[in-house]
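Following: one structure in structure tokens, then a few remarks.
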Amino acid sequence: MQGQHKHINLNPAIELLEIPPGYLNTMGYVEESEVNGPGCRAVIWVQGCLRECPGCYNPDSWSFEMNQLVSVEHLVERILANPKHEGVTFSGGEPFWQAPALAHLAQEVKAHGLNVMSFTGFTLERLQSEYGPAGAQDLIDQLDILIDGAYVESLAVHDPHSLVSSSNQRVHVFNPALQDRLNWASDQIEVHVLKDGSRIVTGYYGQLVDNELHAGD
């Protein structure tokens, strides 16, 4: 199960400097997801976000404190070990606060034919400006699909055909080969039962909920 985080509003730069090169501070990981992008995908939730959006589905991801430190090399091996995976999705938290490591991971899995998608609370324009997070353009250059824009609760979309969770968000398709595969829905969920009896409920803009399953549930 994921640890519970008491959110402290710190300068993320201090916390991010504690992540060794070649590693990611993650909140969670799941395999064979079909509600977080086109086809069967691995999903990585990174730790850390400053937005604190009302109605956020993953408030435990706000803290930049160390949660699960995982090497990019290990994640690449784990993703590629599953032949069902067609791609990888980055969610969070805010993936672009850890853009350099994610760009490296994306480059490695793309070399093996997988596609890469990311959610972000930033707009594409902000990411490409001088005020974007470090390494943002390097990550954008590796992406096949980007969904940008913060979740706005008053603009929430509850539609089985919607690709986004609030109407301000946009879908940017950088790889034309995926233009006809925009077939996930923002209000679908999956339940993944793990070997230790815990479960991960995922979907609806990358929601990650961890609960323990008891005998008889």
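The values are calculated or read from the model by the stated rules, or taken from the named source; none is laboratory data. Keep in mind the model is a prediction, meaning the values are calculated, not measured. Backbone-built Cβ (ideal geometry, glycine too); neighbour counts: all protein chains shown. Just the protein is used for accessible areas: all its heavy atoms, side chains included, with ligands, DNA and RNA removed. Shrake-Rupley method; radii C 1.70, N 1.55, O 1.52, S 1.80 Å.
Structure notes:
- Restricting attention to region 110-188, close to 60% of DSSP beta bridges with both partner residues there are antiparallel.
- Summing charges over neighbours of residue 114, with a neighbour being any other residue whose Cβ is under 10 Å away from its Cβ, gives -1 when K and R count +1 and D and E count -1.
- What the phi angles of region 139-154 give under the Karplus curve with 6.51, -1.76 and 1.60, with θ = phi - 60°, is a coupling list of 6, 4, 4, 9, 7, 8, 9, 10, 10, 10, x, 5, 6, 10, 4, 5 Hz, glycine and proline written as x.
- Ranking 68, 81, 135 by how far each Cα lies toward the positive end of the dipole of region 61-190 (charges on Cβ) leaves 81 at the top.
- Pairs of Cα atoms nearer than 8 Å and 6+ residues apart set the relative contact order; for region 27-174 it is 21 percent.
- Computed over region 36-107, Kirkwood Rh from alpha-carbon pairs, angstrom: 13.1
- Pairwise centroid distance, computed over Cα atoms, of region 60-101 with region 149-168, Å: 24
- With Cα atoms as the point set, the radius of gyration and Dmax of region 56-153 evaluate to 13.6, 39 Å.
- Beta bridge orientation in region 22-142: antiparallel %, DSSP, nearest 5: 50
- Rolling a 1.4 Å probe over the protein chains gives residue 69 an accessible area of about 80 Å².
- Working note: Karplus 6.51/-1.76/1.60 with θ = phi - 60° gives region 68-84 the couplings 10, 8, 10, 6, 4, 4, 5, 5, 4, 4, 5, 5, 6, 5, 9, x, 6 Hz, where Gly and Pro are set to x.
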